[in-house]
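> Before we start, here is the structure in question, set down as structure tokens.
The values are calculated or read from the model by the stated rules, or taken from the named source; none is laboratory data. All values reported here derive from a predicted model rather than from experimental measurement. Here the Cβ positions follow ideal geometry from the backbone for every residue, glycine too, while neighbour counts run over all protein chains shown.
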Amino acid sequence: MNPVIPGTTLAIHPERFPDAVTDLPAASTRHAVLAGGCFWCVEAVYLNLEGVVAVTSGYAGGAPSTANYEAVCTGTTGHAEVVDIEYDSNVISYGELLKVFFSVAHDPTQKDRQGNDRGTQYRSAIFFQSDEEKAVAEAYIQQLEAIGAFTAPIVTTLEPLEQFYPGEAYHQDFARRNPQQGYIRAIAMPKVEKLIHAFPDKLKGDA
């Protein structure tokens, strides 16, 4: 199994990534909060998945008083740009969301950055809401490390979710509303195309 480009840490064969051996049981609607760089891009990926009810871009990890874009961009608030994914766990599982997170949505080997976006607000993080979620995430990271899924160590942090703060209205559904914006064309759309190619069976009918 060689799901990476030699000399890089980016997955080129996400369809080869393993399913999570440990997963949460199906229980109707759940929420997952993930940080993988710019929330526009992560949101754009997850909105295409069957079973995902809604995706909200926002902030987690810091204080309520600094949960706004201007403050978070300073990189000093403790917040990360995150997405809150509301999903029907009878259709798509937490483990499947993590599979997409690690294989398509971002590069989990870049510490406090994604590409040219640098700062702790762009860190790779899973904000768990229960011990069960934490255990599933830990087990999946161990799976990926065991098979050498990346040529560098996974640096994704597991952080307890104290509070999710929805982002400003203009950040929501940004990629769909601004498909010709330069950043979206260069960063978000290649991830969406990768998702479509790798996981066609997981897409919504209109994706």
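Per-residue answers, yes or no, for (1) of a type in the set (Ser, Thr, Tyr); (2) in contact with a Ser or Thr (Cβ under 8 Å, 6 or more places away or on another chain); (3) crowded, with 16+ Cβ neighbours inside 10 Å:
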site: Cys41; (1), (2), (3): no, no, yes
site: Ala44; (1), (2), (3): no, no, yes
site: Leu47; (1), (2), (3): no, no, yes
site: Val52; (1), (2), (3): no, no, yes
site: Ala60; (1), (2), (3): no, no, yes
site: Thr66; (1), (2), (3): yes, yes, yes
site: Thr74; (1), (2), (3): yes, no, no
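> Where residues in the stretch 91-105 are of a type in the set (Val, Ile, Thr) and not in a helix (DSSP H, G or I), which of them is surrounded by the fewest Cβ atoms within 10 Å (Cβ to Cβ)?
Val91
> In the set Ala135, Ala175, which member is among the aliphatic types (A, V, I, L, M), buried (at least 17 other Cβ atoms within 10 Å of the Cβ) and touching a residue at least 60 places away in the same chain (Cβ under 8 Å)?
It is Ala175.
> Answer yes if at least one residue in the stretch 73-80 is under 22 Å from Ala198 (Cα atoms) and touching a residue at least 40 places away in the same chain (Cβ under 8 Å), and no otherwise.
For the stretch 73-80, residues under 22 Å from Ala198 (Cα atoms) and touching a residue at least 40 places away in the same chain (Cβ under 8 Å): absent.
> Considering (1) of a type in the set (Asp, Glu); (2) touching a residue at least 60 places away in the same chain (Cβ under 8 Å); (3) in contact with a helix residue (DSSP H, G or I) (Cβ under 9 Å, 6 or more places away or on another chain), say which one Asp112 fails and leave the rest.
(2)
> When residues of the stretch 120-157 are filtered for being within 14 Å of Phe39 (Cα to Cα) and assigned to a loop (DSSP other than H, G, I, E, B), how many remain?
Residues flagged as within 14 Å of Phe39 (Cα to Cα) and assigned to a loop (DSSP other than H, G, I, E, B) within the stretch 120-157 amount to 1.
> Within the stretch 158-172, can you find the residues that are outside any strand (DSSP E or B) and in contact (Cβ under 8 Å) with a residue 24 or more places away in the chain?
Within the stretch 158-172, Leu161, Glu162, Gln163, Phe164, Gly167, Glu168, His171, Gln172 meet the criteria.
> Please verify whether Val83 is in a helix (DSSP H, G or I) and buried (at least 24 other Cβ atoms within 10 Å of the Cβ), treating the condition exactly as stated.
no
> Moving on. What is the residue count in the stretch 160-207 for residues that are of a type in the set (S, T, N, Q) and within 18 Å of the chain's Cα centre (by Cα)?
2
> If the Cβ limit is 9 Å and pairs must be 6+ apart or interchain, which residue in the stretch 21-36 that is closer than 30 Å to Arg118 by Cα pairs with which residue that is of a type in the set (Lys, Arg) and not in a strand (DSSP E or B)?
Matching pairs, first to second residue: Ala35/Arg123; Gly36/Arg123.
> For the structure I just gave you, tell me whether Thr66 is under 17 Å from Phe128 (Cα atoms) and at pLDDT 95 or above.
No: the conditions fail for Thr66.
> For the stretch 168-207, what are the residues that are among the β-branched types (Val, Ile, Thr) and over 19 Å from Glu81 (Cβ atoms)?
Across the stretch 168-207, the qualifying residue is only Ile196.
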